[in-house]
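Where a number appears in this text, it was derived from the coordinates with a stated rule and is not lab data. In this text, all values refer to a predicted model and were calculated from it rather than measured experimentally. Every residue, glycine as well, gets a Cβ built from its backbone with ideal geometry; the counts of neighbours run over all protein chains shown.
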């Protein structure tokens, strides 16, 4: 059977097709449609509302890059919060860092965590670590209820549609600032500089209004449209570009290294213009 | 009409779909099928044998990155050769450099140049410059017949199928070495480190066997599978990573800048492993 899945029009007029070797799981959760399929090009793939979230072949890039840049900028990242990220990939990376004592995952959709544990063990494997607490709550409410508590907050969200809309709004960034300690760092995935040319300047402006240091960095994410993905850091004290990485803990990674940490902040001219 | 073109299986199990707003031109040339269509996501797109070659929306990345890294590594790039690249985009970039006195384009398929001139004027506009010579010949034969003549040779080829197969072989690299002056630089597009994991190590090895300095660099190319594209430099004398860019001519670019020049050589761990 020649079975193809097409992720259509998440960028208008663009479609990514994946040949499916077997369908693993599919359900309508309280919040979204969730599917897991095996593909020829990307290994096992998790879809939410028919959009590719992660794949076993390439997930290392996104999960390393959304975590290790901030973790190695902060001199003592003891307590880390992840909003979203129910597949567990960000958590798996966070607990590689020897200084992390506690990682909290706040995922609105319990079924994402449960299906990741069942069908994506290589991604979700960190979720049972004793340093990890998993909460099934609205991340926006959670940060509103916490003050001066975290060293790092990471927004590992879907695109700004469905349950994730509020995670791209200024009010949420303000709550994150308040939930961070006085030298805390906020990181969010902020879409493609090639295709999401309206969102990116807005997010940068919002972050700049709230955090004294705001920086954009890029990574090669083959699962996402265009393959070029951006992350925004808002930091209260430490400049991620100036981080001293000479003594980074040097745990195993497949994408991240100290050179990549610095190079990811070097932006092409058109991206500089976009966020000016 | 809901009209979509699908570039299927250039990576097994992967397909890129583009919504077509109008078809502009289509023909079978002596060498390949050539089509030009207008798309919603990428502007006007040139296809050869149903594979996306370039698009008016994003071509600046590929064309700047295949040219300016070598041009700004060599202290005096007077004479530059492009093999392939019949759309003219590389030539347009090369003649931005004030030290270039002569640029030779050797394209095997005359119809690529002619249709680019007719339908892609913003890409092909440099081809009529008085410093530019366009020859319709086999690039492999051309380099064999020239010795010690060029400061830079750029292979702006299609994938290693059809007329471009020979452009990825060691004999061709040897001919390029001999056609370069004693301090010359060779550059080639060398596919994706995510998907072309067999080709890339082979090309690196071949280049290392022939040139004293071999380096790989990366760029975000949204038209190509995975969006992460590699270029290989073989250099007789100048290390592109050590280039002094403090006095680069600073002509207008949309992607390239001196920071990008250096950052493009910083490789993720998995790419370092791949070409080790």
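For the reader, a short list of remarks on this structure follows.
- From largest to smallest, the equivalent ellipsoid semi-axes obtained for region A:122-276 from the alpha-carbon gyration tensor read 23, 21, 18 Å.
- Where rotation carries B onto A, the chain B residue whose Cβ is nearest that axis, in whole Å: B:227, 1
- Among B:228, A:176, A:125, the ranking by other beta carbons within 10 Å of each residue's beta carbon, starting with the fewest, stands as A:125, B:228, A:176.
- Relative to the other identical copies, residue A:131 shows label-point distances of 5.5 nm, where the label point lies 7 Å from Cα along the Cβ direction and values run shortest first.
- If R0 is 35 Å, the Cβ-Cβ spacing of residue A:129 and residue B:276 corresponds to a FRET efficiency of close to 0.65.
- Choice from A:244, A:178, A:159 showing the highest fluctuation, given a GNM over chain A with Cα pairs closer than 10 Å: A:244
- Amide N of region A:24-40 lying under 17 Å from the label point, which is placed 7 angstrom from the Cα of residue A:114 along Cα→Cβ: A:25-36
- Footprinting exposure proxy for A:63, B:33, A:97 (fewest neighbouring C-beta atoms within 10 Å first): B:33, A:97, A:63
- Peptide B:221-229 has a mean of 6 when you count, residue by residue, the C-beta atoms of other protein chains within 10 Å of its C-beta.
- Once the Cα atoms are used to define both axes, helix B:199-210 deviates from the longest principal axis of chain B by about 30 degrees.
- Inter-centroid distance (Cα atoms) of region B:1-65 relative to region B:156-221, Å: 24 Å
- Full-stretch length increase - residue B:29, residue B:144 - with 0.36 nm per residue and alpha-carbon distance subtracted: 38.9 nm
- Nearest-ten-degree value, helix B:170-179 long axis tilted from longest Cα axis of chain B: 60 degrees
- Burial ordering of A:69, A:266, fewest other beta-carbon atoms within 10 Å first: A:266, A:69
- Fraction of antiparallel bridges per DSSP, region B:150-276 only, in percent to nearest 5: 70 percent
- Copy-to-copy label separations for residue A:276, where each label sits 7 Å from Cα toward Cβ, in nm and ascending: 4.3
- Cα principal axis extents for chain B, largest first, Å: 55, 44, 35
- The other copies place their residue A:259 label points at 1.9 nm from this one, listed shortest first, where each point is 7 Å from Cα along Cα→Cβ.
- Within the listed set A:26, A:55, A:246, the Gaussian network model of chain A (springs between alpha-carbon atoms below 10 Å) gives the highest mean-square fluctuation for A:246.
- Helix A:110-119 axis, angle to chain A major axis (alpha carbon atoms, nearest 10°): 70 degrees
- Overall form of region A:80-139 per C-alpha gyration tensor (a/c, 1.5; a/b vs b/c): oblate
- Value in Å of the Kirkwood radius, where region B:217-256 supplies the Cα pairs that are averaged: 12.7 Å
- DSSP bridge pairs, chain B: antiparallel proportion in percent, nearest 5: 65 percent
- DSSP beta bridges fully contained in the protein assembly as shown are about 65 percent antiparallel.
- The base-10 log of I(q)/I(0) for the protein assembly as shown, evaluated at q = 0.07, 0.09, 0.10, 0.13 Å⁻¹, reads -0.41, -0.68, -0.83, -1.30 [Debye formula, identical scatterers on Cα atoms, solvent excluded].
- Cβ neighbours within 10 Å from other chains - mean over A:250-262: 3
- Modelled label reach - residue B:21, point 7 Å along Cα→Cβ, region B:36-73 residues with backbone N closer than 13 Å: B:37-45, B:56-57
- Residue of B:254, B:44, B:131 that the Gaussian network model of chain B assigns the largest fluctuation, springs spanning Cα pairs under 10 Å: B:254
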